[in-house]
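I have placed the structure first, in the form of C-alpha cells, so that the comments after it can refer back to it.
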Amino acid sequence: MKKVLALVGSPRKGKNTDNLLEFLLDGIRENDYEINKIYLIDKKINPCTGCDYCGKIEACVSKDDMSSIYEGFDNSDIIILAAPIYFNSVNGVTKNMIDRCQKYWSLKYSLGKQYKRNEERTGVFLATGGAPFAYNQFNGSIAVMDYFFKAINANYKGNYFISNTDEDPVDKRLDVKEELYEIGKNIWNIKDFYLHR
C-alpha cells in the first residue's frame, strides 16, 4: 500500500489551499493508499538557526513537532505540499518547515550520505495565489520546491497553480476539482505536469 504525506502550509483550514489539496486527495482516495494529512499551523516547529548540528551527527538539535514530519518523510511514497503564495513564494509557515529540512542537505553534502537514495518517491506541489493570473506569479516558489524535493529525495513530478482566488475561490472551481481528481487517481503513474489555472 502506498503512503501519502499531505502537508498543508496555509493557516486557513477549509479555505482555498486546503480545498485545492482536498480535490487532489479525493482522487487519491480512489486508490488503496494511506493518507496522512498534516496542517503545519498545528505543529510547533522552531526555525532553523543554522547551528550546523545536523552537519555533524545526522539529526536536528531542535526537539519539536518537526520530528513527526521527518517521520512522515521517512515512511511516505508520495509527498504533497500545498501552500499559498505570499510575495511570490511559499508562505512563512511552509518555508519554516522547509528550512528545517537542512538536515537532509547536510546528510548529503556535509556527511556524504544519501537519504532514501534507492527508493522511488513522488513529490507534488499545489499553490494558490490571490492575485489575478500572471505568468510569473509562482516563479519564486518553484526553485524553493525544487530544492525541497531534492533534499527529501522525492521526484518532483508536478505543479498545480491556481490564480485569482481572492475573486474566484477554489471551492467554486469545478473545472479544477475535476482535473485534480483525475490527477489524484493516477498520482503514482502520472507524467510530469505543470498546470496553471
Find the residue count for region 2-27, including only residues that are of a type in the set (G, A, S) and free of Cβ contacts under 8 Å to residues at least 12 places away in the same chain.
1
Name the single residue, out of those in region 28-55 being in a helix (DSSP H, G or I) and over 17 Å from the mean Cα position of the chain (by Cα), that is modelled with the lowest pLDDT.
G55
Return the only residue of F138, F125, F87 being closer than 22 Å to K15 by Cβ, over 16 Å from the mean Cα position of the chain (by Cα) and of a type in the set (F, W, Y).
F87
Kindly establish whether K113 is within 29 Å of H196 (Cα to Cα) and of a type in the set (K, R).
no
Among (1) among the charged types (D, E, K, R); (2) buried (at least 17 other Cβ atoms within 10 Å of the Cβ); (3) modelled with pLDDT under 95, which single condition is K185 missing?
(3)
Within the bounds of region 37-60, is there any residue that is within 30 Å of D175 (Cβ to Cβ) and among the β-branched types (V, I, T)?
yes
So which residues in region 162-188 are basic (K, R) and part of a helix (DSSP H, G or I)?
K172, K177, K185
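Of all residues in region 155-184, which are among the basic types (K, R) and either out of contact with any Lys or Arg (no Cβ under 9 Å at 6 or more places or on another chain) or without any contact (Cβ under 8 Å) to a residue 12 or more places away in the chain (or both)?
K172, K177 - these are the residues of region 155-184 that are among the basic types (K, R) and either out of contact with any Lys or Arg (no Cβ under 9 Å at 6 or more places or on another chain) or without any contact (Cβ under 8 Å) to a residue 12 or more places away in the chain (or both).
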Can you work out which of the residues in region 116-154 that are among the aliphatic types (A, V, I, L, M) and either touching a helix residue (DSSP H, G or I) at 6+ places or on another chain (Cβ under 7 Å) or free of Cβ contacts under 8 Å to residues at least 12 places away in the same chain (or both) is surrounded by the fewest Cβ atoms within 10 Å (Cβ to Cβ)?
A143
Taking region 45-97 and keeping only residues that are in contact with a strand residue (DSSP E or B) (Cβ under 7 Å, 6 or more places away or on another chain) and among the hydroxyl-bearing types (S, T, Y), one is left with S76, T94
Report yes if some residue within region 28-44 is within 30 Å of K113 (Cβ to Cβ), in contact (Cβ under 8 Å) with a residue 24 or more places away in the chain, in contact with a strand residue (DSSP E or B) (Cβ under 8 Å, 6 or more places away or on another chain) and crowded, with 19+ Cβ neighbours inside 10 Å; otherwise report no.
yes
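Table: residues versus (1) buried (at least 16 other Cβ atoms within 10 Å of the Cβ); (2) among the basic types (K, R).
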| residue | (1), (2) |
| --- | --- |
| M1 | no, no |
| K13 | no, yes |
| L21 | yes, no |
| D26 | no, no |
Looking only at residues that are surrounded by fewer than 16 Cβ atoms within 10 Å (Cβ to Cβ) and closer than 15 Å to Y104 by Cα in region 56-67, which one is modelled with the lowest pLDDT?
E58
When A6 is run through (1) assigned to a loop (DSSP other than H, G, I, E, B); (2) at pLDDT 95 or above, the failure sits at (1)
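The values are calculated or read from the model by the stated rules, or taken from the named source; none is laboratory data. Computed from a predicted model, the values in this text were never measured in an experiment. Glycine gets a Cβ as well: all are built from the backbone with ideal geometry, and neighbour counts include every protein chain shown.
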